[in-house]
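Data first, discussion second: the structure below is written as structure tokens.
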Amino acid sequence: MRLSSARLDEIALDLVEPFETSFGVEKRRRFLLLRLESRDGLVGYGECVASTDPLYSSESNLSARDMLARHFLPGILGASDLSPEKFRATVARFRGNSMSKAAVETALVDLAAKERGVSVARFLGASRARIPVGVSVGIQPSVAALVRRVGEYLEDGYARVKLKVKPGWDDGPVGAVRRAYPDLDLWVDANQAYPPSAVGAIRSWAERHRVAQVEQPFPERAIRAHAKLARGAPFRVCLDESIVDPESLEDALDAGAVTSVNVKVGRVGGLLTGRSLAVRAARSGVPAWVGGMLESGIGRAHNVALAARPEMTLPGDLSASDRYYRQDLIERPFLLGPGSTLEVPKGPGIGVEVSERAIRRYRRSTKTFRPAR
């Protein structure tokens, strides 16, 4: 595979409703979208999930744009024999920057799958036609509003609900949701909001309200605190921000700090690493699932393909398109189907038709890169 051009767009999409976590409130998502075109005329898309500010991770739109423009895009545009695997090996010398690496790698996977005439799911070794999904509910203005919002999602057909929590927004809101919906598959996610000393308090309300999974309550390097919470817990302890590569997963498994793994494509550097992490976790009997980063339909298509792998045994945070955006960047949005599922695209590559018209409407800047002569 050889490339004829790479185009980097900055996109701004308004969310259907504000999404609040312990990091803050997000009303509009600004992100980078990468379009690669091969010399054979095939096009592959990758989405960079870095945010405007480095809150979830150390990366931001600005840092990702710099790494892509100065290092990663010149490298792939000059390559005579390009593949996702070779790209991953070539950029391993650059520390971190997983989200910008993932933007390139996912676009290359899209291209490689199209070159073979198969879907990204098939390229990754997946065969499921539909995947189970759940919905993530941000912090709400009041407990009553939270209970009402959860009820609306249940009416829509979602079978699993994850609540964002933080100190001061945990026991009461989670308990209210549990009382309103006694049989709900209920998860919580703290995005590192608690100090390690909160192990006992979290265990108390999580057990009392029959929470099925507690995700990343402590800072990403607080492996001992997560292991202490996981020890003998009746709920799963899921790691998200702590798992950034195979080595961090090994450490967490050895420490007994993880009983569920959230695999986010951007956080771990791409689909291939995400697949390997899920396979490794499965060998230790730890279930995996695919998390989301408020992606457009383009990033969602990559996520859905990975979630079709057999190791992804828990429902992912891959809700239907209308959960996030009124107008997406793809022609046909992802729709919630029977049994709280999404359909896995079957067409070549990501299997969805990208709307260039929508991209032109919502982009705030664009730059095209070509091979050096």
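Some notes on this structure:
- Counting neighbouring beta carbons within 10 Å and listing from fewest to most, the residues Thr52, Thr341 come out as Thr52, Thr341.
- Its Cα gyration tensor gives the chain an equivalent ellipsoid, and the semi-axes of that ellipsoid, as √(5λ) in whole Å with the largest first, are 34, 22, 19.
- Under 14 Å, Cβ to Cβ, from Gln216 - net charge with Lys/Arg +1 and Asp/Glu -1: 0
- In the structure shown, the pairs Lys86/Lys346; Lys27/Lys264; Lys114/Lys162; Lys164/Lys346 are assessed against 24 Å; a Cα-Cα span above that value is assigned to Lys86/Lys346; Lys114/Lys162; Lys164/Lys346.
- For region 317-371 versus region 68-89, the inter-centroid distance based on Cα atoms is 25 Å.
- Ranked for footprinting exposure by Cβ neighbours inside 10 Å, fewest first, His226, His209, His302 give His209, His226, His302.
- Counting only DSSP H runs of at least 4 residues, each contributing -39500 (n - 2.57), and dividing by the residue count of the chain, the helix-based mean residue ellipticity at 222 nm comes to -10000 deg cm²/dmol.
- Each of Asp183, Asp9, Asp328 was scored by other Cβ atoms within 10 Å of its Cβ. Arranged with the fewest first, they read Asp183, Asp9, Asp328.
- Shape category assigned to region 59-211 from the gyration tensor of Cα positions, a/c cut at 1.5: prolate
All of the numbers you see were taken from the coordinates with simple rules; none came from a lab. None of these values were measured; they are calculated from a predicted model. A quick note on method: Cβ atoms are made from the backbone with ideal geometry, for glycine too, and the neighbour counts reach across all protein chains shown.
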